[in-house]
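A.B. asks: Got a structure here, written out as structure tokens. Questions coming.
The values are calculated or read from the model by the stated rules, or taken from the named source; none is laboratory data. All values reported here derive from a predicted model rather than from experimental measurement. With ideal geometry, Cβ positions are generated from the backbone for all residues, glycine too; neighbour counts draw on all protein chains shown. In case anyone asks, the SASA skips ligands and DNA or RNA and just uses the protein heavy atoms, side chains included. Shrake-Rupley method; radii C 1.70, N 1.55, O 1.52, S 1.80 Å.
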Amino acid sequence: MSTVVEAKDGSLLGARIADDGQWRFPGFEKVPQKFEKSLLLFEDKYFYWHPGINPVSVIRAIIYNIKAGEIKSGGSTITMQVARISRGNRPRTYPEKILEMFSALKLELFRSKKAILKMYAANAPFGGNIVGLEAATWRYTGKSSADITWAEAAALAVLPNSPSLVFPGKNQEILKTRRDDLLMKLFEREYFDSITLVLALDEPLPGEPEPLPVKAPHLTDFFFKNNKGEMVRTTIDADVQERANEIINAHQKNLSGNFINNSACIIIKVETGEVLAYVGNSNTDDAGDHGRDVDIIRSHRSTGSILKPILYAGMQQSGDILPDALIADIPTRFPGFSPKNFDLGYSGAVPASSALAQSLNIPAVKMLQKFSPERFLDLLQKTGFTTFIKPADYYGLSLILGGGEITLWELSGVYASLSRVLNRYNKMKKYCKDDYHPPLLVSRNEAVMPEIENSDYPLSASSIWLTYEALNKVNRPEGEAGWQYFSASSNLAWKTGTSFGFRDAWAVGTTPEYVIGVWAGNADGEGRPGLTGISAAAPILFDLVSMMGTRTWFADPANDMTMIKVCTQSGYRAATDCPMTKDIPTCVNGMRSEVCPYHTVIHLNKNRTGQVNADCVTADDIINESWFILPPAMEYFYRQKHPEYKVLPPVAPGCSVDKEIPVMEFIYPTSGTKIFIPRDQTGLLTRVIPEVAHRNPSKKIYWHLDEKYYATTRYIHQIEILADAGDHVLTVVDEDGNSIKCSFSIIGKPD
Ligand SMILES: [Zn+2]
């Protein structure tokens with residue numbers, strides 16, 4: 001059998017030829033009325049009355065053949081023809097004919113007339129390598145046998161009688177005469193009216209066999225591998241599939257200009273998980289192969305930032321962070337790697353939700369460090385990712401920046417599961433174990449009664465909702481060129497990702513109704529400058545989104561949330577010293593999150609220009625004020641983007657303060673850093689460049705390496721040092737006598 005892949009409505013998406021080189025479609029269900037009437041009238045008028053052989057026509061055929069001197073007419077019934085096909089179409093001899101008759105009688109004994117007719121329609125030759133009515137109607141008319149016209153039925157009824165003689169495309173006159181004769185006879189029997197007859201006679205004959213549709217070649221390949229020789233009715237929406245193909249191919253033309261040769265997309269219905277469109281790769285007719293046969297949807301590719309929303313959701317659920325809690329965004333080295341933000345800048349401190357929407361890398365790594373790669377890996381596996389097969393320490397913190405691989409199939413499937421969980425919770429106030437499942441390509445036969453349970457769900461409705469809100473509401477940074485064009489995405493939670501080396505561009509978006517996943521890049525893994533999620537994948541996503549429409553937005557799962565008072569400035573749970581607070585909805589575990597660490601009451605003189613205490617001024621002259629104080633390194637970068645940030649006033653002359661608020665902090669190195677010193681392009685060892693943040697940069701600071709004076713800096717507190725391999729201590733002292741220390745080691749200089 002050929003492998004046949006159909007859309008949900010029964011239209012043909014694609015097919016693969018059977019192993020014997022024949023187009024023979026499986027799963028043929030019902031002989032259409034028009035074909036049955038035409039066939040029986042042409043071949044076997046007494047089909048329903050004879051026992052498998054028709055004595056009258058047998059005798060007539062014998063007389064005819066004797067006169068002709070050779071076997072020209074078989075006097076065959078449909079049943080005998082089925083017997084003949086089943087015996088392998090042997091040459092027509094008298095003994096063979098007699099065997100055929102016995103075979104036909106036996107068939108009639110054990111099978112119904114309808115079943116025999118079906119066997120005939122499924123196996124009759126229709127010229128060339130086309131076998132069976134279903135393959136014939138697709139090849140000759142481009143549609144299913146259920147949809148054929150009277151003229152097509154008549155032509156197809158004539159064909160098996162002598163397929164070689166009336167092969168469509170040749171011998172058109174003979175075919176036309178036979179078809180028209182048959183149509184006349186059908187009309188005389190009043191199967192249709194005279195207008196239908198006129199129109200039918202006017203219809204063109206089937207021509208050369210048409211190529212079969214190629215609407216989802218990678219999906220057809222998938223079923224050719226896994227369901228060979230079967231007819232598969234998929235969940236694909238033929239219309240959506242076709243339009244998705246067009247959108248992918250239109251964008252592919254632009255992408256190809258930048259040597260980005262492949263793109264793919266998948267659209268999933270959230271409610272059922274059914275796949276509506278499956279474009280495994282672009283299919284433009286430009287020169288070159290470009291690996292277009294590769295089914296990208298199932299290829300393992302590096303994640304880039306595309307998993308950050310799952311981490312954010314997990315940390316909301318566990319109460320590790322509140323939605324807008326400030327996360328440090330400063331130069332940071334982690335064992336083995338030092339992440340950089342896409343724009344190579346630092347914002348000092350940024351709300352977690354903005355860090356997610358802007359896809360900042362350093363805050364993401366800091367968040368994963370707090371959550372731990374083990375817990376994150378466990379969460380990824382529970383939500384439905386199966387490609388993370390190594391232990392957590394193999395991936396480490398780089399897991400959040402693309403250290404692992406996923407497929408577009410699973411990524412989109414997980415988003416569909418999360419949206420389904422949120423929708424279900426809003427409808428039933430319950431969690432259902434069955435809501436987490438991979439996308440479906442074939443509908444489930446019966447409606448599965450959801451197994452309701454209330455524990456052990458990987459992500460709660462509130463954590464999913466808060467994540468989607470962050471992915472929907474927060475404006476995109478200007479650095480991500482073009483984001484403003486996508487502002488029509490009012491009811492879409494979306495995220496892009498770019499893998500290391502510009503190899504993979506991802507974009508995924510969800511509404512309450514569907515999930516769209518997009519990938520662009522090169523199937524062979526070649527990176528291209530400009531290949532980013534925003535520039536290459538997001539424009540495709542948004543064209544697909546406007547095709548599908550964004551009608552609704554997720555309701556908030558109020559029952560699963562709790563109101564928490566947070567510090568307006570820090571986004572942490574409000575402490576008693578926080579001057580401005582607001583109530584926000586969070587996950588229930590948000591109650592367990594940390595209180596604001598950044599507000600401290602300090603004592604100031606009347607002018608608010610210096611810190612004082614009761615030892616140096618009278619009590620009446622002291623103003624107590626709650627101050628927003630970031631650690632020096634965060635402050636150093638935060639101030640550059642937040643002019644409203646008020647730096648802590650210095651200690652007033654002649655005073656000393658009780659509270660130890662650090663005025664300096666090492667930006668680099670930090671304690672425990674192990675430094676590997678590479679050589680530069682000229683072969684010289686590069687130097688280590690330590691940097692310190694001071695709340696008041698105009699203060700002089702004095703640097704000491706291993707207790708020996710090394711340098712003095714002012715304004716820019718940065719030096720270059722060249723140190724031998726081994727352990728070192730860097731000490732800095734400012735002009736007020738404040739000091740900090742940092743131990744680091746230099747390991748194995750390269751030769
Ligand atoms: Zn606060």
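A.B. asks: Could you state the orientation-averaged shadow area of the convex hull built on the Cα atoms of the stretch 546-687, in nm² to one decimal?
C.D. replies: So the mean shadow area of the Cα hull is 17.9 nm².
A.B. asks: Please tell me the relative contact order of the chain in percent, rounded to the nearest whole number, where contacts are Cα pairs under 8 Å and at least six residues apart. Walk me through the intermediate numbers first.
C.D. replies: Values: 1501 pairs, mean separation 74.8, N = 751.
So the answer I get is 10 percent.
A.B. asks: On to the next question. Heavy atoms only, probe 1.4 angstrom, no DNA, RNA or ligands counted: give me MET367, MET231 ranked by accessible area, highest first.
C.D. replies: MET231, MET367
A.B. asks: Cα extents of the chain along the three principal axes, largest first, in whole Å?
C.D. replies: 135, 61, 42
A.B. asks: Given charges of +1 on the Cβ of Lys and Arg and -1 on the Cβ of Asp and Glu, with all other atoms neutral, how large is the dipole of the stretch 357-422 about its Cα centre, in debye to the nearest 20?
C.D. replies: About 200 debye.
A.B. asks: If you roll a 1.4 Å probe over the heavy atoms of the protein chains, what accessible area per residue do you get for the stretch 1-136, in Å²? Show your work: numbers first, answer last.
C.D. replies: On the way: 6730 Å² over 136 residues.
The answer is 49 Å² per residue.
A.B. asks: When we measure straight from the Cα of LYS8, which lysines land under 21 angstrom away, once same-chain ones fewer than 8 places off are left out?
C.D. replies: Leaving aside lysines fewer than 8 places away in the same chain, those within reach of LYS8 are LYS30, LYS143, LYS215, LYS225, LYS228, LYS269.
A.B. asks: On the full set of protein chains, 1.4 Å probe, figure out the accessible area of CYS587 and give it in Å² to the nearest 10.
C.D. replies: 0
A.B. asks: Excluding ligands, DNA and RNA, what is the solvent-accessible area per residue of the stretch 369-473 at a probe of 1.4 Å, expressed in Å²?
C.D. replies: Dividing the accessible area of the stretch 369-473 by its residue count gives 44 Å².
A.B. asks: Not counting ligands, DNA or RNA, and with a 1.4 Å probe, what is ILE59's accessible surface area in Å² rounded to the nearest 10?
C.D. replies: Only protein atoms counted, so the area is about 100 Å².
A.B. asks: Okay, moving on. Before I look further, what does the stretch 154-279 give for accessible area per residue, probe 1.4 Å, in whole square angstrom?
C.D. replies: On a per-residue basis, 47 Å².
A.B. asks: Further question: Could you go through the stretch 271-284 in sequence order and give the Karplus-derived ³J(HN,Hα) for each residue, using 6.51 cos²θ - 1.76 cosθ + 1.60 with θ = phi - 60°, rounded to whole Hz, and x for Gly and Pro?
C.D. replies: 4, 9, x, 6, 7, 9, 9, 9, 9, x, 5, 6, 8, 8
A.B. asks: Report the charge-dipole magnitude of the chain in Debye, nearest 20, computed about the Cα centre from +1 at each Lys and Arg Cβ and -1 at each Asp and Glu Cβ.
C.D. replies: For this selection, approximately 2040 debye.
A.B. asks: On to the next question. Given H placed on each backbone N at 1.01 Å, which residues far from ILE564 in sequence or on other chains put an amide H within less than 5 Å of it?
C.D. replies: Amide H neighbours of ILE564, under 5 Å, 5+ apart: ILE584, THR586.
A.B. asks: Under the rule a/c < 1.5 gives rounded, and otherwise a/b versus b/c splits prolate from oblate, where does the stretch 1-107 land using the Cα gyration tensor?
C.D. replies: In terms of gyration-tensor shape, prolate.
A.B. asks: Using every alpha carbon pair in the stretch 592-667, what percent of pairs falls into each 10 Å bin from 0 up to the bin containing the largest distance?
C.D. replies: Answer for the stretch 592-667: a P(r) of 17, 45, 30, 8, 0 percent.
A.B. asks: What value does the stretch 97-237 have for Rg/Rh, both radii from Cα atoms and Rh as Kirkwood defines it? Don't skip to the end; give the middle numbers.
C.D. replies: Numbers: Rg = 17.7 Å, Rh = 17.2 Å.
Taking Rg over the Kirkwood Rh, I get 1.02.
A.B. asks: Once a ≥ b ≥ c are taken as the square roots of the eigenvalues of the Cα gyration tensor of the stretch 355-418, is the result rounded (a/c under 1.5), prolate (a/b larger than b/c) or oblate (a/b not larger than b/c)?
C.D. replies: Details: a/c = 1.80, a/b = 1.23, b/c = 1.47.
Here the stretch 355-418 falls in the oblate category.
A.B. asks: Can you find, among ASN361, THR3, VAL651, the residue farthest towards the positive end of the dipole of the chain? Put +1 on the C-beta of Lys and Arg, -1 on that of Asp and Glu.
C.D. replies: It is THR3, whose Cα lies furthest towards the positive end.
A.B. asks: Pull the list of the chain cysteines that no other Cys approaches to under 4.7 Å, Cβ to Cβ.
C.D. replies: CYS265, CYS432, CYS587, CYS742
A.B. asks: Then there is this: How much of the accessible area of the chain, in percent, comes from carbon and sulfur atoms when a 1.4 Å probe is used?
C.D. replies: 53
A.B. asks: Let me ask another. Measure nothing but the geometry: give the 0 to 90° angle between the long axis through the Cα atoms of 361-371 and the longest principal axis through the Cα atoms of the chain, rounded to 10°.
C.D. replies: 90
A.B. asks: How about LYS699: which lysines have a C-alpha closer than 21 Å to its C-alpha, ignoring those fewer than 8 places off in the same chain?
C.D. replies: LYS646, LYS659, LYS708, LYS741
A.B. asks: Report, ordered by chain and residue number, the lysines lying within cross-link reach of LYS97, taken as a straight Cα distance under 23 Å and ignoring same-chain residues fewer than 8 apart.
C.D. replies: Of all the lysines, those that pass the test against LYS97 - Cα under 23 Å, at least 8 places apart if same chain - are LYS45, LYS67, LYS72, LYS106, LYS113, LYS118.
A.B. asks: Based on DSSP H runs of at least 4 residues, each adding -39500 (n - 2.57), what is the mean residue ellipticity at 222 nm of the chain after dividing by all its residues, to the nearest 500 deg cm²/dmol?
C.D. replies: For the chain, the value works out to -9500 deg cm²/dmol.
A.B. asks: Using the Cα atoms as the points, what is the convex hull volume per residue of the stretch 202-311 in Å³? Kindly include the intermediate steps, with their values, before the conclusion.
C.D. replies: Values: hull volume 21.2 nm³, N = 110.
Hull volume over Cα atoms, normalised by residue count, gives 192 Å³.
A.B. asks: Using Cα-Cα distances under 8 Å and only pairs 6 or more residues apart, what relative contact order does the stretch 623-745 have, in percent?
C.D. replies: The normalised contact order for the stretch 623-745 reaches 24 percent.
A.B. asks: With a cut-off of 15 Å, note down the residues of the stretch 617-650 whose backbone N falls inside the zone around a label point 7 Å from the Cα of GLU594 toward its beta carbon.
C.D. replies: Only 629-635 pass the distance filter.
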